[in-house]
Amino acid sequence: MMTSVKERRFNLAFNIFLVTGMLLAVTATTIFKVQQPGVRTFMLLLAAFGSVMGVVNTVMSANGNILTFVFGFIDVLIGTIVYFDNGIMGNFALHAFYFLPMQFIGFWQWSK
């Protein structure tokens, strides 16, 4: 099934809108949070970067791009680190032992 030029233009514009909007939201939230006392700046910036990777992962997946697994791996790896650092062991285990291996399995299955 061929997509029309209109559909491709709309998808491109919507993807740019979505990623730009999320970048602005994550940036604004990070700027607000980094000014609070006692914040661990590195972990905050790492989590913000992971959030952006999650959005890019979702956009790539919606467009049927195999690079979704690269961005997904980065997103899940950062989530795993953040959960471990904060002592949220249930989410840490879920990300480390399910979502992280699934990125490799998904990439392998897709590339067949």
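Nothing in this text is a laboratory measurement; each read-out follows from the coordinates by a stated rule. Small disclaimer: the values here were computed from a predicted structure and weren't measured. When we count neighbours, we look across all protein chains shown, and the Cβ atoms used for this are built from the backbone with ideal geometry, even at glycine.
With the charge dipole of the chain set up from +1 on Lys and Arg Cβ and -1 on Asp and Glu Cβ about the Cα centre, the Cα lying farthest toward the positive end among the listed residues TYR83, PHE71, PHE14 is that of PHE14. Site pair ALA25 and LEU44 shows an inter-label distance of 2.0 nm when each label is modelled 7 Å from Cα along Cα→Cβ.
Short-range pairs are left out: with C-alpha atoms under 8 Å and at least six residues apart, the relative contact order of the chain is 19 percent.
What would the Debye formula give as log10 I(q)/I(0) at q = 0.21 Å⁻¹ for the alpha-carbon point model of the chain, no solvent? Debye intensities relative to I(0), on a log10 scale: -1.15.
At 222 nm, what helix-only mean residue ellipticity would the chain give, in deg cm²/dmol to the nearest 500, using -39500 (n - 2.57) for each DSSP H run of four or more? It would help to have the intermediate numbers written out before the result.
Values: 5 runs with 87 residues, N = 112.
It comes out at -26000 deg cm²/dmol, rounded to the nearest 500.
Screening the chain for DSSP H helices whose Cα atoms reach 24 Å or more along their own axis and whose mean Kyte hydropathy is at least 0.0 gives 5-34, 41-62, 68-85.
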